[in-house]
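Written below as structure tokens is the structure these notes are about.
The values are calculated or read from the model by the stated rules, or taken from the named source; none is laboratory data. Model, not experiment: these values are computed from the prediction. For neighbour counting, all protein chains shown are included, and Cβ atoms are generated from backbone atoms with ideal geometry for every residue, glycine included. Protein only, heavy atoms only, side chains kept; ligands, DNA and RNA dropped before computing areas. Shrake-Rupley method; radii C 1.70, N 1.55, O 1.52, S 1.80 Å.
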Amino acid sequence: MRLRLAALLVVALPLAGAPAPAGAAPAPVALGSVVPAPVQVRPHGPAFRLTPHTVIEAPASARNVADRLAEALRPATGYRLPIVGHAPRGVPALSLATGHFDQLGAEGYRLTSGRSGVRIAANGNAGLFAGVQTLRQLLPAAIDASTPRHARWAVAGGEIVDYPRFGFRGAMLDEARHFHTVPEVKAYIDEMSRFKVNYLHLHLADDQGWRIQIDSWPRLTTVGGAPGTGVDGVGGGYLTKADYRDLVRYASQRDVTIVPEIDMPGHVNAAQVAYPELTCDGVAPPPRTDTEVGYSSLCIGKEVTYRFVEDVIRELAAMTPGPYLHIGGDEAHATTAADYLAFEQRVLPLVAKYGKTAYGWNEIAAAPAAHRAVAQYWGLDTSNATLAAAVAQGTKVVMSPANLAYIDQKYDANTPLGLDWAGYIEVRTAYDWDPGTHLTDVPASAVLGVEAPLWSETLRSLDDIEFMAFPRLAAIAELGWSPHRDWASFRARIGAYGPRWVEQGVDFYRSPQVDWD
């Protein structure tokens, strides 16, 4: 049974260095111990200690970020932490401030801590939110009840200057093979945002199920999302438009942008069960609840195919404020090469017609129209001539090599969940590669970032999602954010993070490669 704790006072967890005497204040968490690793850390001066008098100072424009900080710290500390526009002189404050900082970019921040308070400064709310996630990790995971109340919540003195290497740091969740509920997706958003993951790609349709309401084609969900759909027939359900918009809002409040995916021209069996006219012979195929791939295809020569595709793109774009719309394109083995190109040449421009940037699996790079698209590389090789040629014409790339970044793959032979077709992916394997240089024929300048896909063939619950995602998603998040990799450092920092997952009730994998606190 899962237990999500608000923060109760519990026995203190071990900290680095000599243990503090009973009843003494433990040493604050070191500034450089957070995940992802910050760009610059300068420890100096006295620590800041939260007290019952501490306030959160923020301009009105940053109220959402202040609210997120307050909702995280109030139950943990038991303090009121009122949000104010200006802190009175002498009142200890957690301050959020915006300004103009050339070095920081859109998502960077500067965090300074000293005796009188903590200040997070950034160019906008994205940077403030990132700084808040760092601040949360700088506070202790748990408190010994014998620690004097005035000394319990301390932030080490000094300064952090931090900004991301890549602007795109994503995670993908497969809703089609098994439908995960709105509360489960929200919990995943909460957990990924702590590591500055800023895109959530939702795989909303596949052979086994269709998971998003489309008004102009209602049977997609009444049939494709019905009970009995999904792998083994146990993953039924779908998102109404209201559900989807709720997720978009919730994610946006945590600096996460939703990227919806409808996979096509393959992976469409669920759509064809609902609408047989999408097949070439007009006969509905049988529903599929197995895990085979590559057997379905839209009928490329029928005009109804493009009416369907445009309606889906139009309705998805209308409820998606983010810039990207993912059109799949992988494993279209039942589509001839000529038909595949003809399909992509018609469909890629439709995404732009409705104001979005087309995003698809790297197979779309074969189409000339992909020069304005983003291709998601999921291959096992370290070069791809087709993708390299598309990049030369303007295509951008998000890196998701399946043997390194697919977090649905087993950790080892004994992992009870997951698949293993791309190989076992232990934590170090997920960490020890460079998204910018992994493809030898694609320049780093064409790489927008990295994404960790989590397919749901074997997943049934939030516990399953968490077990497969963590700690590997944290490792991949560091590849996307931090300028340098250091396995020994990451291993120590993620080991020290483990008690936070325990406190939050997150069912993470206790990798033997990590010494967990």
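Checking the condition in contact with an Asp or Glu (Cβ under 8 Å, 6 or more places away or on another chain) and assigned to a loop (DSSP other than H, G, I, E, B), which residue from Gly379, Gly322, Gly328, Gly355 passes?
Details: Gly379 fails: in contact with an Asp or Glu (Cβ under 8 Å, 6 or more places away or on another chain); Gly322 fails: in contact with an Asp or Glu (Cβ under 8 Å, 6 or more places away or on another chain); Gly355 fails: in contact with an Asp or Glu (Cβ under 8 Å, 6 or more places away or on another chain).
Answer to the selection: Gly328.
Name the single residue that is nearest to Thr382 (Cα to Cα) among those in the stretch 448-487 being open to solvent by 10 Å² or more (accessible area, probe 1.4 Å) and outside any loop (DSSP other than H, G, I, E, B).
Only one residue tops the list, namely Leu448.
Yes or no, residue by residue, for (1) free of Cβ contacts under 8 Å to residues at least 40 places away in the same chain; (2) under 16 Å from Asp206 (Cα atoms):
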| residue | (1), (2) |
| --- | --- |
| Val248 | no, no |
| Ala271 | no, yes |
| Thr279 | yes, yes |
| Tyr306 | no, no |
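Please pick out the residue among Val248, Val273, Val268 that is modelled with pLDDT of 95 or more, surrounded by 24 or more Cβ atoms within 10 Å (Cβ to Cβ) and under 21 Å from Leu325 (Cβ atoms).
Val268
Just one of (1) touching a residue at least 60 places away in the same chain (Cβ under 8 Å); (2) within 27 Å of the chain's Cα centre (by Cα); (3) open to solvent by 40 Å² or more (accessible area, probe 1.4 Å) trips up Tyr295, so point out which.
(2)
Select from the stretch 96-138 the residues that are assigned to a loop (DSSP other than H, G, I, E, B) and surrounded by 20 or more Cβ atoms within 10 Å (Cβ to Cβ) and write down the one among them that is nearest to the chain's Cα centre (by Cα).
Taking the stretch 96-138 and keeping what is assigned to a loop (DSSP other than H, G, I, E, B), we get 99-108, 115-116, 123-124.
Pick out the ones that are also surrounded by 20 or more Cβ atoms within 10 Å (Cβ to Cβ) and you get 104, 107-108, 123.
Values: Leu104: 22, Glu107: 15, Gly108: 18, Asn123: 22 Å.
Result: Glu107.
Please state which one of Leu173, Leu202, Leu220 is part of a helix (DSSP H, G or I), open to solvent by less than 10 Å² (accessible area, probe 1.4 Å) and under 20 Å from Glu261 (Cα atoms).
So the residue among Leu173, Leu202, Leu220 that is part of a helix (DSSP H, G or I), open to solvent by less than 10 Å² (accessible area, probe 1.4 Å) and under 20 Å from Glu261 (Cα atoms) is Leu220.
Is it the case, given these coordinates, that Ala93 is more than 27 Å from Trp516 (Cα to Cα), surrounded by fewer than 16 Cβ atoms within 10 Å (Cβ to Cβ), modelled with pLDDT of 95 or more and among the hydrophobic types (A, V, I, L, M, F, W, C)?
Here the answer is no, as Ala93 does not meet what is asked.
Select, from Tyr424, Tyr354, Tyr340, Tyr359, the only residue that is more than 27 Å from Val268 (Cα to Cα) and either of a type outside the set (A, V, I, L, M, F, W, C) or open to solvent by less than 10 Å² (accessible area, probe 1.4 Å) (or both).
Numbers: Tyr354 fails: more than 27 Å from Val268 (Cα to Cα); Tyr340 fails: more than 27 Å from Val268 (Cα to Cα); Tyr359 fails: more than 27 Å from Val268 (Cα to Cα).
Matching residue, one of Tyr424, Tyr354, Tyr340, Tyr359: Tyr424.
Would you mention how many residues in the stretch 427-447 are out of contact with any Asp or Glu (no Cβ under 8 Å at 6 or more places or on another chain), assigned to a helix (DSSP H, G or I) and surrounded by 20 or more Cβ atoms within 10 Å (Cβ to Cβ)?
Residues that pass the stated criteria total 2.
So which residues in the stretch 382-407 are open to solvent by less than 10 Å² (accessible area, probe 1.4 Å) and either of a type in the set (Asp, Glu) or touching an Asp or Glu at 6+ places or on another chain (Cβ under 6 Å) (or both)?
Passing the criteria: Val398, Ser400.
If Thr289 satisfies all but one of (1) open to solvent by less than 40 Å² (accessible area, probe 1.4 Å); (2) closer than 14 Å to Gln208 by Cβ, what's the number of the condition it fails?
Result: Thr289 passes all but (1).
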